[in-house]
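Peer 1: Let me begin by handing over the structure; questions about it come next.
The values are calculated or read from the model by the stated rules, or taken from the named source; none is laboratory data. Just so we're clear, the structure is a prediction, and the values are computed from it rather than from any experiment. Ideal geometry is used to build each Cβ from the backbone, glycine not excepted, and the neighbour counts take in all protein chains shown. The protein model used for the area step is the full one, side chains on, heavy atoms only, and it has no ligands, DNA or RNA in it. Shrake-Rupley method; radii C 1.70, N 1.55, O 1.52, S 1.80 Å.
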Amino acid sequence: MPAAAPAHVTARDATFQNEVRAMIPRDSRLEMCVQCGTCGGSCPSAADMDHTPRMVFAMVRAGLRDEVLRSNTPWMCVSCYFCAVRCPQEIHIPDVMYGLKAMATREGLVPDSVAPDFSKTFVNNIHRYGRSFEVGLIARHYLRHYLTRLPGMAPMGIGMLAKGRMGLRPPKTIKGRDDLRKILVRAAELEAEA
Amino acid sequence: MSSAQERIGVYVCHCGSNIAATVDVEAVSEWAGEELADRGVVIARNDKFMCSSSGQEVVEKDIAELGLTRVVVAACSPHMHEKTFRGACARAGLNPYLCELVSIREQVSWVHTDREAATAKAKAVIAGGVLRVAEQVPLEPLRVPIHPATLVVGGGIAGISAALEIADAGFAVHLVERQPSIGGHMAQFDKTFPTLDCAACILTPRMVEAGMHKNITLHTWSEVTDVKGYVGNFTVTIKERARYINAELCTGCGICQEKCPIRVQDNVFEAGLGFRKVAYLPFPQAVPKYPVIDGPNCTYFEKGTCKACEKFCPTDAIDFTQVDKDVVVEVGNIVLATGFELFDARRIEQYGYGRLPNVFTSLEFERMSNAAGPTNGRIVLRDGVTEPKTVGIVHCVGSRDRNYNAYCSAICCMQSLKFAHLVGEHTDATIYNFYIDIRAGGKAYDEFYQRVLEEGTIFVRGRVAEVTDTLRLPAEAADEGRLMIQVEDTLAGKQRRIPVDMVVLSAGLEPPADAKETARLFGISCSSDGWVIERHPKLDPVATMTDGVFAAGCALGPRDIPASVSNGAAAAARILGRIQQKEMALEPVRASVDEARCSGCRICNDLCPYNAIIFHADRMVTEVNPALCQGCGTCIPACPAGAISGTGFSDAQILSQIEGLLMVSASGQLREVVPA
Amino acid sequence: MTRFLYYPGCSMDASARAYADSLEAIGGPLGLELDEIEDWNCCGATEYQGISPTRAYALVSRNLALAEKQKNGSRTVVAPCSACYLNLAKTEHYLREDKGLAAKINTALEAGGLHYTPGSIEVRHLLDVVFFDIGIETIHGLVTRPLGGLKVAPYLGCLVTRPDYDHRWRSNEHPREFDRLLRTLGAEVVDFPLRTDCCGGHMTQISPATGFELIRRLIHAADQAGAEMLVTLCPMCQMNIDAYQAEMNRYFKTSYHMPILFFTQLIGLAFGFPPEKLGIGTEIVSARQALAKIGIAVPVTEAQEPVGAGAAGPPRRPRAKRTGLPMPAMPGEDGEAPR
């Protein structure tokens, strides 16, 4: 069920582009794209993306919902904001990428589960402790996805441990953990309503 | 004068469906005829297009046959057709200032959707017009003489074109240029698109003509510092800066330049790519041929020594005692042809201009490619020696970019194509053009694009993201020392890193840095970008809102040479027309001060945006200069004594218009207006 | 005494212990009083926004609300981690600009008994406060052991100067403020072209090839510029370049040895603190060799990476000599471009 379009876009236009716009809490100006390619040209990880950021905007505009949400592009975004400061149309590209990630996750259309799994584990830790739990996150992540890397990582892991840079125990749960949960649940409700 | 004593004709226009679709025009005209009859309306009609000849004829006929003393037309904005209906009235023998045009289009049908409410509002607007028009008095336009001389500010191609047209027609022109020579940016170029004419070859004959023309007085190395007056009668102060060279004695031999020991980077003519002396002529074909001495960098002025120029000058033309001189001239009209400045490409750090030696701007490239430039026409890297094997030309630098200038600079695509061609002419380099769109709309422009394609230039559709000398290994190891252009090839859908030796940035055009001061000086408006605002972007592209001040060329916004020349000629034509008529009629809608009521408080004095207010200290009263006054009305409410009224905007007129507006309720009914 | 509210972020406890230790050490001489926000929660890094943007803003806003409530006499929150800083600053900026969003977020906060008034908190990065509030003149006055020309590459990473909603920095891409700070400590700052290029963030976990490539670019550029170490201001950047350098070397069959320290550690050294007090020695790629060159002895501990032979890849590019045509002048004191 597509989220409602922002106020100034008429109800007639129920396009994928509007759906994406609605996913982003602020005006991202995504419809202002002139396809100049500055984002794709600036992106440090563009070489590893299925589609350059610019191409994704063209696909969004063309309503290629499935291709867009299955693309690995938003997951390869490193949030460096080069594109955002250089875009001549002042489009907030990182926000669009976050929005696409959220949509893809919600619909289970991610290209492979590594990135969303990482995010989900990270987020679950926050829900549990109110803080992130790096070691727990890494451990779970590697066991699920990077088993073969573990041996090679051992020296680094041991080094970090020896220098006290790795907290083996989970963080102390924040006092307001339950309040935080209530806040997040309410926020989720408001997001679904919009 | 109460409206009841007049014989008023009300004419309501449908304007096709522009008004009629939202306002019930028939009902409104019927209402006016009936309900406003005891307010003086003797006839009320409506027409599909009141402004048509037949519509106007109806008005004229009614004036003649029904003895109308006032006319109210309810139609579009007065901006559009006030003149039309005033003309109709004048033809029928009624003073045109007894005709009032009220807008029920821009102010009613175009801004409301509720038909009932809009109809009621239209009635109110008309009622306001009816009551107002009764208070209007016959007026005669002011006639001012037109001084036959013209001031042209800016000696680039637009200014020169305007000056020559006027001078050739037999009238005097003062051409003011802040650089030592006329010629402007065009003098810096190598070849011009699309014909590949050598810029200097087509420009210098014009320059010489302007320099030698008996009707043109050149004021170079000069600036306008003060402008007083009004259309037909401007008094302009020109500051002629000290050249330290006596023009009467100077032969232009150039020995002073040769012998001058100090060399500085020439950031003006050579765009920073070369040097000039402190005593210098900006380029060999300079007009006038007299050099100038750059005071701030001159050893004599700094330390009191040197004077090599003086020692060697064969005609004793060096004069260090010269001072700036103010020259006051009277002119009838002014043309602003102040041109553009190049966008400062240093601001876009990711392009590396200023940091990476082999990144050049468009003007630097023009100078490089020019056979008379610092490299004698060789296309070389910053080391002055090495020929590039690959050149990348970058479009849209500082243009079409909300981070810098949102507008398109119009000429850079063609200029970039030209560069591609020139690099190909001078070298064997591989040439890339990086663009978002190819804007080639002019005559023979797209054909030039085809030519450049045929010549083998490689076009990559992508706005360059970065120019860098930081290589990525191991793939780029072989390109050590070169520049890498990082761009998304949008047509291929991939990010590419393309090694080049030289990058040319087609930087955009910007108004001169002091554009806003210039606007203030001449009493005109410029946009937030700094370009001069023309009176109408389509229908009046060379006039400004200030009568008597015109503009031509890039002062109005980025444009190519043909357009600049056309602008210059158009401005000249308008001015020549004025001069021929010897005098001009000005709108009599003006403010005037009732001296008996003026207390001399001077509150109004600083409010006038047109400097039309004069204070007579001897009599302690203020006077409004009717020719300068544009009838904006700012001073009128400011006067605490109510001593200022506007002809065409008197208190009685405005108050009665308000009364008329309030007379009609939101539902369109007439009601009693009880004065407070 | 400059007093601030402090948002440490989740890394300061363990992986960026050195940052926390050195910050504590130099806090005294700098007169920096940092009051930790009571019961702060994780900022969500770049993970939460990818799950749900609105919830992510609500998550961050709880911290803003707590900060507003805390009232320690300051309305400025300082964050040492770039991601935490941006999340807080961005959320604050958005709430201030967009009343609808602010209303929505406050509705969510109410469920947890909190409220945030947009505009009531200012968010700044630690470097911002050190450079602009404390100032390099003050810092210069406190330097007792200048860093003897240690060649450093100033590495700011991406999020501090981009998108820079509050326009604190002169340049989004080549800021020189960090350079000036490090120079004040007596270090020689090399002309490092990738000051604000991305370290890859969490890419080592998502797509190792991408992650390692980004790390390599930074290390290689620092090496080419002649740096003996990188200096940074973000726990993530430090971790990526430090902890993953070995894996990166194996992946590319290179043998870089480029230590990376936090700027607070260098300030601490310049102020005369012993290295152990500043967490030096906890880095995986040891800084011992680089610091030994300037006469600072870092005690050897167990489980340190053997000091590598040096950089890999092609030899360092010699500085090109410039003759020929003149260059345009650059107006800034460090050759900065005009704005």
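Peer 1: Which is farther than 30 Å from B:A585 by Cβ, touching a residue at least 40 places away in the same chain (Cβ under 8 Å) and within 27 Å of the chain's Cα centre (by Cα), of B:V268, B:V227?
Peer 2: Working: B:V227 fails: farther than 30 Å from B:A585 by Cβ.
After ruling out the rest, the residue left standing is B:V268.
Peer 1: Could you list, ordered by first residue, the pairs with Cβ atoms under 8 Å in which the first is in the range B:646-661 and open to solvent by 50 Å² or more (accessible area, probe 1.4 Å) and the second is part of a strand (DSSP E or B) and not aliphatic (A, V, I, L, M), at least 6 apart or interchain?
Peer 2: So the pair list comes out as B:D651/B:S645.
Peer 1: Go through the residues of the range A:118-134 one by one and say whether even a single one is in a helix (DSSP H, G or I), in contact (Cβ under 8 Å) with a residue 40 or more places away in the chain, open to solvent by less than 10 Å² (accessible area, probe 1.4 Å) and under 30 Å from A:M32 (Cα atoms).
Peer 2: No, the range A:118-134 contains no residue that is in a helix (DSSP H, G or I), in contact (Cβ under 8 Å) with a residue 40 or more places away in the chain, open to solvent by less than 10 Å² (accessible area, probe 1.4 Å) and under 30 Å from A:M32 (Cα atoms).
Peer 1: May I pose another question? Scan the range B:367-378 and tell me whether some residue there is within 9 Å of chain C (Cβ to nearest Cβ) and in a loop (DSSP other than H, G, I, E, B).
Peer 2: Taking the range B:367-378 and keeping what is within 9 Å of chain C (Cβ to nearest Cβ), we get B:368, B:374-375.
Okay, now just the ones that are also in a loop (DSSP other than H, G, I, E, B), so B:374-375.
Taking every residue of the range B:367-378 in turn, at least one turns out to be within 9 Å of chain C (Cβ to nearest Cβ) and in a loop (DSSP other than H, G, I, E, B).
Peer 1: Now for a different question. Looking at the range B:114-182, what strands (runs of 3 or more DSSP E) fall wholly within it and have at least 3 residues that are crowded, with 21+ Cβ neighbours inside 10 Å?
Peer 2: Working: elements: B:142-145, B:150-153, B:173-177.
It comes to B:150-153, B:173-177.
Peer 1: Residues of the range B:538-555 being open to solvent by 10 Å² or more (accessible area, probe 1.4 Å) and not acidic (D, E), which ones? Let's see the steps before the verdict.
Peer 2: As a first pass, look at the range B:538-555 and keep what is open to solvent by 10 Å² or more (accessible area, probe 1.4 Å): B:538-541, B:545-547, B:554.
Hits for the range B:538-555 are B:K538, B:L539, B:P541, B:M545, B:T546, B:C554.
Peer 1: Please work out if C:T138 is touching a helix residue (DSSP H, G or I) at 6+ places or on another chain (Cβ under 7 Å) and polar (S, T, N, Q).
Peer 2: Against the criterion (touching a helix residue (DSSP H, G or I) at 6+ places or on another chain (Cβ under 7 Å) and polar (S, T, N, Q)), C:T138 does not qualify.
Peer 1: Among the residues in the range C:188-201, are any closer than 23 Å to B:A465 by Cβ, without any contact (Cβ under 8 Å) to a residue 12 or more places away in the chain, within 14 Å of chain A (Cβ to nearest Cβ) and not in a helix (DSSP H, G or I)? Give the derivation first.
Peer 2: The first filter runs over the range C:188-201 and keeps only residues closer than 23 Å to B:A465 by Cβ, leaving C:191-201.
Now narrow it down to the ones that are without any contact (Cβ under 8 Å) to a residue 12 or more places away in the chain: none.
No, the conditions are met nowhere in the range C:188-201.
Peer 1: Can you name the condition, by its number, that B:A410 falls short on among (1) in contact (Cβ under 8 Å) with a residue 40 or more places away in the chain; (2) open to solvent by less than 10 Å² (accessible area, probe 1.4 Å); (3) among the small types (G, A, S)?
Peer 2: All conditions are met except number (2).
Peer 1: Look through the range A:88-103, keep the residues that are touching a Lys or Arg at 6+ places or on another chain (Cβ under 8 Å) and more than 9 Å from chain C (Cβ to nearest Cβ), and return whichever of them is most open to solvent (accessible area, probe 1.4 Å).
Peer 2: The initial filter retains those residues of the range A:88-103 that are touching a Lys or Arg at 6+ places or on another chain (Cβ under 8 Å), namely A:88-92, A:95.
When the remaining residues are screened for being more than 9 Å from chain C (Cβ to nearest Cβ), the result is A:88-91.
Numbers: A:P88: 3, A:Q89: 35, A:E90: 77, A:I91: 5 Å².
Ranking the candidates gives A:E90 first.
Peer 1: Also, quick follow-up: Pick out the one residue from B:V264, B:V236 that is at pLDDT 95 or above and within 14 Å of another protein chain (Cβ to nearest Cβ). Steps first, please.
Peer 2: Numbers: B:V236 fails: within 14 Å of another protein chain (Cβ to nearest Cβ).
Step by step, each of B:V264, B:V236 is checked, and only B:V264 is at pLDDT 95 or above and within 14 Å of another protein chain (Cβ to nearest Cβ).
Peer 1: Can you tell me which residue is nearest to the other protein chains (Cβ to nearest Cβ) among those in the range C:98-111 that are open to solvent by 10 Å² or more (accessible area, probe 1.4 Å) and touching a Lys or Arg at 6+ places or on another chain (Cβ under 7 Å)?
Peer 2: Out of the qualifying residues, it is C:A111.
Peer 1: If you check A:L168, A:L143, which single one turns out to be part of a loop (DSSP other than H, G, I, E, B), more than 7 Å from chain C (Cβ to nearest Cβ), exposed (fewer than 15 other Cβ atoms within 10 Å of the Cβ) and among the aliphatic types (A, V, I, L, M)?
Peer 2: On the way: A:L143 fails: part of a loop (DSSP other than H, G, I, E, B).
Going through A:L168, A:L143 in turn, just one is part of a loop (DSSP other than H, G, I, E, B), more than 7 Å from chain C (Cβ to nearest Cβ), exposed (fewer than 15 other Cβ atoms within 10 Å of the Cβ) and among the aliphatic types (A, V, I, L, M): A:L168.
Peer 1: For the range C:240-255, how many residues are buried (at least 24 other Cβ atoms within 10 Å of the Cβ) and either more than 14 Å from chain A (Cβ to nearest Cβ) or under 15 Å from the mean Cα position of the chain (by Cα) (or both)?
Peer 2: So the count comes out to 3.
Peer 1: Condition (residue is assigned to a strand (DSSP E or B) and over 19 Å from B:V173 (Cα atoms)) applied to the range B:236-245: is it met by at least one residue? Steps first, answer last, please.
Peer 2: Taking the range B:236-245 as the starting set, the residues that turn out to be assigned to a strand (DSSP E or B) are B:236-240, B:245.
Then keep just the ones that are over 19 Å from B:V173 (Cα atoms); that gives B:245.
Yes, the range B:236-245 contains a residue that is assigned to a strand (DSSP E or B) and over 19 Å from B:V173 (Cα atoms).
Peer 1: Testing B:L336 on (1) in the same structural domain as B:Q179 (by TED's automatic domain parsing); (2) at pLDDT below 95, one condition comes back false. Which one is that?
Peer 2: In the conditions (1) in the same structural domain as B:Q179 (by TED's automatic domain parsing); (2) at pLDDT below 95, B:L336 misses (2) alone.
Peer 1: Can we say B:S506 is out of contact with any Asp or Glu (no Cβ under 9 Å at 6 or more places or on another chain) and either in a helix (DSSP H, G or I) or not polar (S, T, N, Q) (or both)?
Peer 2: no
Peer 1: Go through (1) more than 10 Å from chain A (Cβ to nearest Cβ); (2) open to solvent by 10 Å² or more (accessible area, probe 1.4 Å) one by one and return the number of the condition C:F263 breaks.
Peer 2: Checking C:F263 against (1) more than 10 Å from chain A (Cβ to nearest Cβ); (2) open to solvent by 10 Å² or more (accessible area, probe 1.4 Å), the one that fails is (2).
Peer 1: How many residues does the range B:438-460 hold that are within 14 Å of B:F193 (Cα to Cα), assigned to a loop (DSSP other than H, G, I, E, B) and in contact with a Phe, Trp or Tyr (Cβ under 7 Å, 6 or more places away or on another chain)?
Peer 2: At the first step, the residues of the range B:438-460 found to be within 14 Å of B:F193 (Cα to Cα) are B:439-452.
In the following step, the residues that additionally are assigned to a loop (DSSP other than H, G, I, E, B) were identified as B:439-444.
Of the ones still in play, those that are also in contact with a Phe, Trp or Tyr (Cβ under 7 Å, 6 or more places away or on another chain) are B:440.
Qualifying residue count for the region: 1.
Peer 1: Looking only at the range B:251-268, count every residue that is outside any strand (DSSP E or B) and either open to solvent by 20 Å² or more (accessible area, probe 1.4 Å) or within 30 Å of B:P148 (Cβ to Cβ) (or both) and tell me the total. Give the steps one after another, and end with the answer.
Peer 2: If we filter the range B:251-268 for residues that are outside any strand (DSSP E or B), which is where we start, we get B:251-262, B:267-268.
With either open to solvent by 20 Å² or more (accessible area, probe 1.4 Å) or within 30 Å of B:P148 (Cβ to Cβ) (or both) added as a condition, the list becomes B:251-255, B:257-259, B:261-262, B:267-268.
Of the residues in that region, 12 qualify.
Peer 1: So, of the residues in the range C:57-97 that are free of Cβ contacts under 8 Å to residues at least 24 places away in the same chain and part of a helix (DSSP H, G or I), which turns out to be least open to solvent (accessible area, probe 1.4 Å)? Let's see the steps before the verdict.
Peer 2: To start, the set of residues in the range C:57-97 that are free of Cβ contacts under 8 Å to residues at least 24 places away in the same chain comprises C:59, C:71, C:96-97.
Now restrict to residues that are part of a helix (DSSP H, G or I): C:59, C:96-97.
Working: C:L59: 0, C:R96: 101, C:E97: 110 Å².
This residue is C:L59.
Peer 1: While we're looking at this one, here's another question. Looking at the range A:22-80, which of the residues that are at the interface with chain B (Cβ under 10 Å from one of its Cβ atoms) and of a type in the set (V, I, T) is farthest from B:F434 (Cα to Cα)?
Peer 2: A:T52
Peer 1: Next question. Out of the range C:218-268, which residues are of a type in the set (D, E) and in contact (Cβ under 8 Å) with a residue 60 or more places away in the chain?
Peer 2: Quick first cut of the range C:218-268, residues of a type in the set (D, E) only: C:223, C:228, C:242, C:247.
Within the range C:218-268, C:D223, C:E228 qualify.
Peer 1: Considering only residues of the range C:133-187 that are part of a helix (DSSP H, G or I) and hydroxyl-bearing (S, T, Y), which is nearest to C:I215 (Cα to Cα)?
Peer 2: From the range C:133-187, those part of a helix (DSSP H, G or I) are C:133-134, C:136-142, C:177-184; that's our starting set.
From what's left, hydroxyl-bearing (S, T, Y): C:138, C:184.
Working: C:T138: 34, C:T184: 27 Å.
Checking each candidate, the answer is C:T184.
Peer 1: Would you confirm whether or not the range A:148-159 contains a residue that is part of a helix (DSSP H, G or I) and of a type in the set (V, I, T)?
Peer 2: Of the residues in the range A:148-159, the ones part of a helix (DSSP H, G or I) are A:149-159.
Of the ones still in play, those that are also of a type in the set (V, I, T) are A:158.
Yes, the range A:148-159 contains at least one residue that is part of a helix (DSSP H, G or I) and of a type in the set (V, I, T).
Peer 1: While we're here: Quick one: which of B:V329, B:V292 is open to solvent by less than 20 Å² (accessible area, probe 1.4 Å) and touching a Pro at 6+ places or on another chain (Cβ under 8 Å)? Before you say what the answer is, go through the steps one by one.
Peer 2: On the way: B:V329 fails: touching a Pro at 6+ places or on another chain (Cβ under 8 Å).
One residue alone meets the criteria, B:V292.
Peer 1: Now for a different question. Look through the range C:266-281, keep the residues that are within 14 Å of chain A (Cβ to nearest Cβ) and crowded, with 24+ Cβ neighbours inside 10 Å, and return whichever of them is nearest to C:L142 (Cα to Cα).
Peer 2: Only one residue tops the list, namely C:L278.
Peer 1: Moving to a separate point now. Would you be able to tell me the number of residues in the range B:91-107 that are surrounded by fewer than 24 Cβ atoms within 10 Å (Cβ to Cβ) and touching a residue at least 60 places away in the same chain (Cβ under 8 Å)?
Peer 2: Looking only at that region, the number is 2.
Peer 1: Quick test of your reading of the structure: C:A221 fulfils all but one of (1) touching a Leu at 6+ places or on another chain (Cβ under 9 Å); (2) under 28 Å from A:V114 (Cα atoms). Name the failing condition by number.
Peer 2: (2) is the only condition that C:A221 fails.
Peer 1: Further question: Which of the residues belonging to the range A:40-73 are aliphatic (A, V, I, L, M), open to solvent by 50 Å² or more (accessible area, probe 1.4 Å) and not in a helix (DSSP H, G or I)?
Peer 2: Applying the first criterion (aliphatic (A, V, I, L, M)) to the range A:40-73 yields A:46-47, A:49, A:55-56, A:58-60, A:62, A:64, A:68-69.
Subsequent filtering for residues that are open to solvent by 50 Å² or more (accessible area, probe 1.4 Å) retains A:47, A:55, A:62, A:64.
Listed by number, the residues that qualify are A:A62, A:L64.
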